[in-house]
Amino acid sequence: MRSVAVHSADRGMSAEELGHAALRVAGCRSLTALRDALFGQADSIIGVVAMGLYLFDDADHLQLISSRLAPRGFLDEYEREFCKSDTMLDCIVADRRTVDGFHFHGPARWRRSGNYDLLRGWGFYHNMGGAFVVDGSAAGALFVATARETEPFDAIHVKRLDLLCRAGSLALTAMRERERLQCALSDSASPDRRDLPSVDRNAPGEFLELGDERPIDRLPTRSREVARLLCQGQPNKAIASQLGISVYTVKEHVQNLCRRFGALNRTELAHRLSKSS
């Protein structure tokens, strides 16, 4: 007779225990801490084995941030053959909700789905995924999978993963807001007016008011670094890598520069910055 294992999470967990699990995730202020909290709490309240934490980059591509007990080949195959045509992922991102593969595809179609073939090919069985939401848009996803033949995930498992993803969304939002604050503080640190050169109103060429900070050299240090790399045609991800900051922070600098220089987009911004440098 076929043996069917059950999920190891305690289905009788109290609301207080679930609340503490969510708070541990929501209180994270770094991606490393968020990964550890999500993986630890998912294992505790759901009882899954393999997990993958994904976030969207500046080009809206889903990037793997970290994984647990998922073979590299499995992750590569998913990215290469399934990620761009995964209808389950499309549902998670579009509806910003948590779903499990078995009920998403339906019992009749589950064993004929690409998700099932990929999972079984690498020793997994059932999967489930939830969305992280920041500023009203999907910012990433958390996927979990069982590593042996189990009963399908049920409504309780879905609600618990959804709880962790909502807590993760709060953590990511707080990280984004902190970066925005740091960016705003950096951009507000304008040079001392007493150190600015005097302006001859009768001199030929473009006239600059003392408060005009269009020249790149008058920008705060970090904004100046972002501006120069942007003028070199570097994308946000490359700028973030070179400066050792997150893509979110680069986006905030670019948006602030667009507002400061009256540019509609990064292409127009690069043109204006190049003229003013």
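Quick note: the coordinates plus some simple rules give every number you see, no bench work behind them. Fair warning: this is a prediction, and the values are worked out from it, not measured in the lab. Ideal geometry is used to build each Cβ from the backbone, glycine not excepted, and the neighbour counts take in all protein chains shown.
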Exercise. Given that compact globular proteins tend to follow 2.2 N^0.38 Å, what is the ratio of the alpha-carbon Rg of the range 15-175 to that value?
Worked result: 0.96
Problem set entry | Neighbourhood net charge (12 Å Cβ-Cβ; Lys/Arg +1, Asp/Glu -1) for T173 | +2
For this session: Note down the net charge around N265, summing +1 for each Lys or Arg and -1 for each Asp or Glu among other residues with Cβ under 15 Å from its Cβ.
Result: +3
Exercise. Within a Cβ distance under 12 Å of C91, other residues only, what is the Lys/Arg minus Asp/Glu net charge?
Worked result: -2
Exercise. Between A238 and D90, what FRET efficiency follows from the Cβ-Cβ distance if R0 is 45 Å, with the result rounded to 0.05?
Worked result: 0.95
For this session: Between R120 and R80, with labels modelled 7 Å along Cα→Cβ, what's the label distance in nm to one decimal, could you check?
Result: 2.2
For this session: Can you work out the PRE-style zone for R109? Point 7 Å along Cα to Cβ, and I want the residues of the range 132-165 with backbone N under 17 Å.
Result: none
For this session: Compute the relative contact order of the range 218-277 as a whole-number percentage, counting only Cα pairs closer than 8 Å that sit 6 or more residues apart in sequence.
Result: 31
Exercise. So how far apart, in nm, are the two label points at E151 and E268 if each is 7 Å from Cα heading toward Cβ?
Worked result: 5.9
Seminar exercise, completed: If each part is reduced to its alpha-carbon centroid, the range 99-120 and the range 252-276 end up apart, in Å, by 47
